[in-house]
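Heads up, the thing below is written out as C-alpha cells.
The values are calculated or read from the model by the stated rules, or taken from the named source; none is laboratory data. Predicted model, so just to flag it, every value in this text is computed and none were measured. Cβ: placed from backbone, ideal geometry, glycine included. Neighbour counts: every protein chain shown. Only protein heavy atoms, including side chains, enter the accessible area calculation; ligands, DNA and RNA are left aside. Shrake-Rupley method; radii C 1.70, N 1.55, O 1.52, S 1.80 Å.
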Amino acid sequence: MNQTAIDIAGVTKFYGSGPDAVRALHDIHFQIQHNEFFTLLGPSGCGKTTLLRIIGGFEDISEGTLRLFGEDIQNLPPNRRPVNTVFQHYALFPHMSIRDNVGFGLKMQGRPPEEIRRRSDQMLELVRLSEYAGRRPSQLSGGQKQRVALARALAPEPKVLLLDEPLSALDLKLRQSMRHELKQIREELGITFIFVTHDQEEALIMSDRIAVMSHGALQQVGTPEEIYNHPLNRFVADFIGETNLVEVQVREISDSGATVAFAGHTLACSVNENQAHEPGEIAHMSIRPEHIGITPGEEKGDALRATVLRKIFLGTDIHVACSLPTGEELVARVQSTAAGVAALSPGDGVTLDIDPHRIVLLGD
Amino acid sequence: MAGPGNSRGFQGVFTPLRYWLLLPSWLVVGFFMVAPVLIMLVYSFLTKEFRGGVIWEFTLAAYDQFFLDRGLFGDEPPKIEWTYIGIFWRSVWQAGLATVLCLLIGFPTAYYIATRPPATRNIWVFLVTIPYWVNLLIRTVSMKFLIRDNGPINEWLLSAGLIAEPIHLINTPVAVQLGLFYSYLPFMVLPIYAAIERFDFSLCEAAADLYAGRWFALWHIIIPNVRPGIVAGCILVFIPSLGAFLAPDLLGGAKNFMIGSLIEEQFKGTAGNWPFGAAASMILLSVVLVVLFFNARNRATQTSGAGH
C-alpha cells in the first residue's frame, strides 16, 4: 500500500530563456504516496499550478525528473499519461451532452460502447447527476458542472487525479459540501488525489499531507497537524491559520527545546528538527492566538501583563488584541464563555498565559 | 447581476421615442434593400424595350428565354435551353470551388493568427486586410498583369529554367478561380479568426488529458466549436463569388462567362435586356436564399439541441 505514486526530484522550471528567463519553480523535491490526498498550497503565483500542469504534461520540465509509479513520464504527452485533470474552469465540451462529456476519455481509450455507456452512467450516479445525462453543460449550474468535470476525469480510472483549484469558482456553502464530497469520493475509489488550492482552510480540512509553496520553492511538506503546529519558517506559520509572529532573542538551546527572551520575560518553546539556532541570535517565534490564555486583572509576579486594545466577537470565540508594556501586540483567541472575557473592554489590564508546548521557534 | 427592476426598466416602459429612433434604420433598410429587390422582381416580368429599358406589359418572356429554347424564330416546340443553365452551373461550381479553396487556406491562416500572442494578432490581421484597401478592379487588373503569358511570373519561371514555355493562364477557368480565391480569401479568414480567438483552448487540454490525439481534438473539439465562424466565412465567400463579374470578365474572357457577367451585360449600353437581367438576378437570388435558408435551419436545430 505504501507505494510511491509520484516522485518529483529536483524539478526546476524556467519560462523563456537567456537573461530574461523567469524561474517559476526551484528545485522541488517530494514524493506522493499511492492513495494519498496530497495538497499543493500557496498564494497565487507560487508555482503550484505550474507544478500540477507539469504532472499533467501541459508544461515541460527545465531540470529534474518526474516519475509516476517508478516510470519516468516527463517525455510523455498529456494524452499518454495515466493521470486525469479536473480543470479550474471545468473545460467541459460545450457541444456534447453530459453523458458524452463523461464518456469522452473512455471513448478515447477505445473501450466498447456498452462499457462506455455503463461506466459513464455509473460515474454520473457517483456525483448524483444521473438525471442530467442528456443535457448540455450550458444548462447546468456551477456546482453541477464541477461534478461533471470530476466524473469525466474519474471515468477512465486514472492512477492519479489532478485537481486545479476545483472549488474556487463555487460559493461558500457549495464549496463546503463539495469538500466533504470530494474526500468521500476519494476514499470510495482509493486513488491518489493531487489538489491545488490557495485556501489554507480547505487544505487543512481535506488533505492527508500538504506541500506549502511560495515563490516557486517548497517551504514545508507535512500532515495538516505538522504544518499547523510545527511550521518550519515564518512564511508557513503566517500563511497557515492565524498567528502572532514575534521577534525573540535565543537564550539557551537544549535537546528538548529552547528558552528565549520575549518582552522582558523568559519563555520555553519547542524547536523544529534540523533547525540550528545559537544562543544570542534574534529569531522569530509563532504563537497561535488560541494558545494564549487571558485572565482579567493584572497578577503580580512573573506573569505577562498586557492591556486590551480591542475585542472582536466571532461567535463561539472572541479575538482579543492586547498590547504588552514593551510595545508588542498579541492577539488571543478565547472562548466567548470563558470567565470574565465577555466583560473586557479596551484599556483593561489582563494577564496572558502562553502554553510553552505550543510555541515554535521558526527558521527564516 | 442586474436586479429584476433593472431589466424591467428598458423592456417594460413604453416610449414612442423608441420608434422614432428606429425610423432611420427602417427607412434605410426599406429604401435601399427591400425596394431594389422588389423593383427587380417587377422588371423581370416586364417586356423588353430595344434601346434598353422596359415596356410596362406583363410577360414571362425573360424566364422563358432563360430556361427554354424555342428556336431562332420562337415558333419551334420548346426544349430546355442549356446555355444559361450552363453559365449558371459554371458559376455555382466556380464559387463552390473558391469557397473550398478559401476554407483550405483560410482556416490554417486564421488558426495561426488566433494562436499568436495577443499583441501580434492585430498585426497579422492588418497584413491580411492590407490589399483590400486597394480597389478590387485594380487588384484584378494587377493579377491579370502578373499571370499573363509574358508577365513577371512566367518571365521569372522561364529565366530560371523551370518551365520551357509560358504557362497559359489568362482566359482560362483557372485564372477565374485564382481571381475569385484571391478576392474573397479575407472574408473567410476574418470570421474564422474571430471564432478561433473566442475558442477556449483549455478544451483542447481537457481533450488531451482524456487521451485524445491532436487531430481528434481538431476535428471533434475545435471545429464543432468554431463552426459558426466557418459557416459565416463560407457564406461570405460563396455568395459574392457566385455573382462576381470582375474576375470572370478580366481574367476569364468570353469563354468563361459567369452569371454575374451575364447580368452585367444586360444592363450595359443599348444592347442589354433589362427584364432578362432582372430575371437572371432573381434566379441567382433564389439560389442564395435557398443556401441561407438551409444554413438558418441547420443553425436553429443545432442551437435548440444545445438549449440556448
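Scanning the stretch A:281-303 for residues being at pLDDT 85 or above and either more than 21 Å from A:Ala339 (Cα to Cα) or in contact with a strand residue (DSSP E or B) (Cβ under 7 Å, 6 or more places away or on another chain) (or both) gives a total of 15. Within the stretch A:217-242, can you find the residues that are acidic (Asp, Glu) and touching a strand residue (DSSP E or B) at 6+ places or on another chain (Cβ under 9 Å)? Selection gives A:Glu226, A:Asp238, A:Glu242. Condition check for A:Ser345 on (1) in contact with a Leu (Cβ under 9 Å, 6 or more places away or on another chain); (2) of a type in the set (S, T, N, Q); (3) assigned to a loop (DSSP other than H, G, I, E, B): one failure, at (1). B:Ala217 meets all of the listed conditions (1) within 20 Å of B:Gly96 (Cβ to Cβ); (2) surrounded by 14 or more Cβ atoms within 10 Å (Cβ to Cβ); (3) modelled with pLDDT of 85 or more; (4) of a type in the set (A, V, I, L, M) but one, namely (1).
Within the stretch A:84-99, is there a residue that is away from chain B (no Cβ under 12 Å), surrounded by fewer than 23 Cβ atoms within 10 Å (Cβ to Cβ) and part of a loop (DSSP other than H, G, I, E, B)? No: the stretch A:84-99 contains no residue that is away from chain B (no Cβ under 12 Å), surrounded by fewer than 23 Cβ atoms within 10 Å (Cβ to Cβ) and part of a loop (DSSP other than H, G, I, E, B). A search for C-beta distances below 6 Å between a residue of the stretch B:191-203 that is more than 12 Å from chain A (Cβ to nearest Cβ) and any residue that is open to solvent by 20 Å² or more (accessible area, probe 1.4 Å), counting only pairs 6+ apart in sequence or on different chains, returns B:Pro191/B:Ala232; B:Ile192/B:Phe107; B:Ile192/B:Ile230; B:Ile196/B:Tyr111.
Contact map, the stretch A:249-263: residues that are surrounded by 12 or more Cβ atoms within 10 Å (Cβ to Cβ) paired with residues that are part of a strand (DSSP E or B) and aromatic (Phe, Trp, Tyr), Cβ distance under 9 Å, separation 6+ or inter-chain. Pairs shown: A:Gln249/A:Phe262. Would you say B:Ser183 is open to solvent by less than 80 Å² (accessible area, probe 1.4 Å) and either of a type in the set (Ser, Thr, Tyr) or not assigned by TED's automatic domain parsing to the domain that holds B:Leu127 (or both)? Yes; evaluated as a whole, the condition is true for this residue. Within the stretch B:110-120, does at least one residue satisfy the condition of being at pLDDT 90 or above, within 22 Å of the chain's Cα centre (by Cα) and not basic (Lys, Arg)? Yes, the conditions are met somewhere in the stretch B:110-120. Under the condition of being in a helix (DSSP H, G or I) and open to solvent by 40 Å² or more (accessible area, probe 1.4 Å), the residues counted in the stretch B:65-91 number 8. Criterion applied to B:Ala280, B:Ala247, B:Ala296 was being assigned by TED's automatic domain parsing to the domain that holds B:Gln94, of a type in the set (Gly, Ala, Ser) and under 19 Å from the mean Cα position of the chain (by Cα), and the one residue passing it is B:Ala247. For beta carbons closer than 7 Å, sequence separation of 6+ or different chains, a first residue in the stretch B:216-232 that is within 12 Å of chain A (Cβ to nearest Cβ) and within 14 Å of A:Met108 (Cβ to Cβ) and a second that is surrounded by 16 or more Cβ atoms within 10 Å (Cβ to Cβ) and of a type in the set (Lys, Arg), there are no qualifying pairs.
Scanning the stretch B:151-174 turns up one or more residues that are closer than 28 Å to B:Ile85 by Cβ, in a helix (DSSP H, G or I) and away from every other protein chain (no Cβ under 14 Å).
Scanning the stretch A:58-66 turns up one or more residues that are modelled with pLDDT of 90 or more, touching a Phe, Trp or Tyr at 6+ places or on another chain (Cβ under 7 Å) and more than 9 Å from chain B (Cβ to nearest Cβ). Inspect the stretch A:28-51 for any residue being in a strand (DSSP E or B), touching a helix residue (DSSP H, G or I) at 6+ places or on another chain (Cβ under 6 Å), at negative phi and open to solvent by 10 Å² or more (accessible area, probe 1.4 Å) and give the result as yes or no. No, that holds for no residue. Among residues that are in a helix (DSSP H, G or I), out of contact with any strand residue (DSSP E or B) (no Cβ under 7 Å at 6 or more places or on another chain), open to solvent by less than 40 Å² (accessible area, probe 1.4 Å) and farther than 30 Å from B:Ile113 by Cβ, B:Leu262 is included. Here A:Ile318 does not fit the description of being more than 16 Å from A:Arg358 (Cα to Cα) and open to solvent by 80 Å² or more (accessible area, probe 1.4 Å).
Scanning the stretch B:221-242 for residues that are under 23 Å from B:Tyr182 (Cα atoms) and surrounded by fewer than 21 Cβ atoms within 10 Å (Cβ to Cβ) yields B:Arg227, B:Pro228, B:Ile230, B:Val231, B:Ala232, B:Ile235, B:Leu236, B:Ile239, B:Pro240.
The residue of the stretch B:108-120 that is farthest from B:Pro186 (Cα to Cα), among those that are open to solvent by 40 Å² or more (accessible area, probe 1.4 Å) and in contact (Cβ under 8 Å) with a residue 24 or more places away in the chain, is B:Thr115.
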